Amino acid sequence: MNVNSVEDDHNSSALDVIESPRKRMRLDTSARKSWSLMDRKTDTEVLQEMGVSLLEPDDGESNCDPTNNTTHRQLKRKRDIENVNPNISRVISPAGKSSPGPSRKSPRSCDKLPLQPSEHLLDATLGSAYLVDAETPLGQSVSAGYKRSGCAYSATSTGGKKLNDVPRPSEEPVSVSGAPASSRDTFSMLPDELVLSVLRWLPKRALAHCALVCKRLYRLACDETLWQRLDLGNKTLAKDALGRILARKPVVVRLASSEIGAWSPAAPPPSRVQYLDLSMCSLDSRTLEQALLACPALRKLSLESVALTAHAQRLLGRCASLETLNLTMAQGLTAEGLSCVLQGCAGLQSLNVSWCNLSEAALRVLVTQLPTKLQRLNVSGARLLTDDMVSALVARCPRLLDLDVSDCSRLGVASLTSLLSLTRLEHLALSRCYLLPPHSLMQLSGMTSLQYLEVWGMLQSGSLNTLRKALPAIQLNQFMFSAIARPTIGTRRTSIWGLRTRD
């Protein structure tokens, strides 16, 4: 093939480009700015923002004739790919020429032509080779010569005078305090509020273990917001453990059926407990007195089956905010102690003194000194309660909603007549009051507010059906056990008085 044939082929290809409408349109729009590196004209500012350095063609490329157009495009594409590919780097030699570095070459790379250095190329390659920012003092002296000595790079001026020694940057991340990032304690940098929000999800046993880690976790784990509710029922507490529990300043505490160790401080600190369940727990009188002295803000208290001393009853009278008191089967309750309780706790709304073996004097104190705002009362098992006492009780507490006088064997028809004056009574328990004749119960039909009537053990099945027909608006024998002032009802043992004891 001769030169004329090559020129004819080249002229014919150029003619095809001109005659083709699609190629002519591409030539007309070639002056537009594009994001591609393969176009004739590229946007320098856009490529600089992308971090791509443009290499200016050298004299050899600028003097290429049209016959070497294909070779020129291949070389330009090769250089553009090398500029974009992060695996290919160039190092500027002292003579100002670029030479390939030790990094991996592109698959399409070939022998490199000598290039003329440019200022933009020099800045980019120095920044990539020495990892120096352009805004630092070292980066601003790009025109100075760099000499490597040991582990540092020294910059010299044009006169050969040494300017400064710049240490080589370390590749290991360093924290603010100077310690490596791997040894930083990020947990200690968290604020207390965030740590408390994390500790709030832990159970109480885990909180106690966290308090043994360090002083900060001890302070945060003892925060009162984490100990609002405590359920220590059926547990055995060691000596002075009750004091440590109250020191956490809880609000709801359940210690039912627990064995509490002795606690006798010189001056018990005031606690924030408002709901305390000590039902059927085992503790000495001294510990109970200290617990009552440390909890002056009690609102609901249960001392079921607990022995009460005279001093403990006087301390109960100091709880002026007491609203609910459960003294079911409490031992040692006297007339003087009951008087202190009723006079000191004027805001009582629910009281349970069932099966306390009250004397006749204590019963008279009860029916004459009860708070007038009392709404629920349980005096079942008071076998000395008479009709006169019931009349005094009704006159003293006209706002009663729930009354339980079961197992009061002395009550007769007069007591039933007195109860008819309670216009707000909703629940009445007369179980096992055998002196009441069955036909006298028909009088209760005049009580429009009465909804439930308990007559367990008094009527046969036939008489019970007859009573149901006579009292269609009243439900009979719906509740076998009374729930007045009781902290727990049925199988719900994780709450007291409707309040959760576990988080």
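The values are calculated or read from the model by the stated rules, or taken from the named source; none is laboratory data. In this text, all values refer to a predicted model and were calculated from it rather than measured experimentally. Here the Cβ is made from the backbone with ideal geometry for all residues, glycine too, and neighbour counts use every protein chain on show. All accessible areas refer to the heavy atoms of the entire protein, side chains included, with ligands and DNA or RNA removed. Shrake-Rupley method; radii C 1.70, N 1.55, O 1.52, S 1.80 Å.
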Item to check | Over region 228-281, equivalent-ellipsoid semi-axes from the Cα gyration tensor in Å | outcome: 16, 15, 8
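Convert 25 °C to kelvin, take the viscosity as 0.890 mPa s, use the Kirkwood radius over C-alpha pairs of region 396-503 as Rh, and evaluate the Stokes-Einstein diffusion coefficient in µm²/s, rounded to a whole number.
Numbers: Rh = 15.1 Å.
The estimated diffusion coefficient comes to 163 µm²/s.
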Checklist entry - When the accessible area of region 408-457 is computed with all protein chains present and a 1.4 Å probe, what percentage of it is carbon and sulfur? => result 57 percent
Checklist outcome for this item: Between the alpha carbon centres of region 384-414 and region 216-243 the gap in Å comes to 43 Å
Checklist outcome for this item: Burial-style ranking of 310-323, 213-226, average other-beta-carbon count within 10 Å with highest first, yields 310-323, 213-226
Item to check | Debye log10 I(q)/I(0) at q = 0.10, 0.14, 0.16 Å⁻¹ for region 229-342, Cα point scatterers | outcome: -0.24, -0.49, -0.65
Checklist outcome for this item: Among 204/300; 204/239; 239/300, the pairs whose Cα-Cα distance exceeds 21 Å are 204/300; 239/300
Item to check | Per principal axis, descending, Cα span of region 304-417 in whole Å | outcome: 39, 25, 20
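Find how much the distance from residue 368 to residue 494 grows on full extension, using 0.36 nm per residue of separation minus their present alpha carbon separation; answer in nm with one decimal.
Working: separation 126, 0.36 × 126 = 45.36 nm, distance 3.66 nm.
Extending this stretch completely gives an extra 41.7 nm.
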Item to check | Cα gyration tensor shape of region 361-447, rounded if a/c is under 1.5, else prolate or oblate by comparing a/b with b/c | outcome: oblate
Item to check | Alpha-carbon Rg with Dmax, taken over region 267-333, Å | outcome: 10.7, 30
